[in-house]
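For reference, the structure is listed below as structure tokens.
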Amino acid sequence: QVRLVESGGGLAQPGGTLRLSCAASGSSFTFHTLGWYRQAPGKQRELVATTTRGGNTIYGDSMEGRFTVSNDKAKNTVDLQMNSLKAEDTAVYYCYSRTVEGEYWGQGTQVTVSS
């Protein structure tokens, strides 16, 4: 059973920073992709950023340049550094993983950007 546990959400001011972390665990867990999605109230879940074991990264619209995703293959973790936060970044952020067995999601962590 794969488990993804997020940490690091909270409240930030516009222009501020937050760092999210996700730790993946499970028997013989080997990820192909680790990353983050987010869902704001009344909106569909959208891509924030993903990174593969091979080092390829993909960012959602308006994320690249402000957000940086990185993974640690040895620890099975993925971090999301968020800079220059905007009010529209307010959402629940979900950790995501894809392995040969399937796709997995964390429980989500709330990020609120407000003055």
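Test residue 89 against the criterion of being under 14 Å from the mean Cα position of the chain (by Cα) and closer than 18 Å to residue 5 by Cβ, and give yes or no.
no
Say we look at region 66-115 and pick out the residues that are among the β-branched types (Val, Ile, Thr) and outside any strand (DSSP E or B); which of these is nearest to residue 49 (Cα to Cα)?
That would be 90.
Considering only region 19-30, I want to know if a residue exists there that is open to solvent by 80 Å² or more (accessible area, probe 1.4 Å) and assigned to a strand (DSSP E or B).
Yes, the conditions are met somewhere in region 19-30.
Using the structure shown, decide if residue 48 is touching a residue at least 60 places away in the same chain (Cβ under 8 Å), among the hydrophobic types (A, V, I, L, M, F, W, C) and either open to solvent by 30 Å² or more (accessible area, probe 1.4 Å) or assigned to a strand (DSSP E or B) (or both). Break it down stepwise before answering.
Values: touching a residue at least 60 places away in the same chain (Cβ under 8 Å): no; among the hydrophobic types (A, V, I, L, M, F, W, C): yes; either open to solvent by 30 Å² or more (accessible area, probe 1.4 Å) or assigned to a strand (DSSP E or B) (or both): yes.
No.
Across region 51-91, what is the number of residues that are among the β-branched types (Val, Ile, Thr) and either open to solvent by 30 Å² or more (accessible area, probe 1.4 Å) or touching a Cys at 6+ places or on another chain (Cβ under 9 Å) (or both)?
Final tally of qualifying residues: 6.
Would you pick out the residues in region 83-107 that are at pLDDT below 95 and among the polar types (S, T, N, Q)?
Hit for region 83-107 is 99, nothing else.
Does residue 38 count as surrounded by fewer than 14 Cβ atoms within 10 Å (Cβ to Cβ), within 13 Å of the chain's Cα centre (by Cα), within 19 Å of residue 111 (Cβ to Cβ) and not β-branched (Val, Ile, Thr)?
Answer is no for this residue.
Conditions tested, residue by residue: (1) within 15 Å of residue 93 (Cβ to Cβ); (2) out of contact with any strand residue (DSSP E or B) (no Cβ under 6 Å at 6 or more places or on another chain).
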| residue | (1), (2) |
| --- | --- |
| 44 | yes, yes |
| 49 | yes, no |
| 54 | no, yes |
| 57 | no, no |
| 61 | no, yes |
| 66 | yes, yes |
| 71 | no, no |
| 76 | no, no |
| 80 | yes, no |
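The values are calculated or read from the model by the stated rules, or taken from the named source; none is laboratory data. Owing to the predicted nature of the structure, the values given are computational and were not obtained by experimental measurement. Please note: Cβ atoms are built from the backbone with ideal geometry, for glycine as well, and neighbour counts cover all protein chains shown. Note: accessible area is taken over every heavy atom of the protein model, side chains too, but ligands, DNA and RNA are not part of it. Shrake-Rupley method; radii C 1.70, N 1.55, O 1.52, S 1.80 Å.
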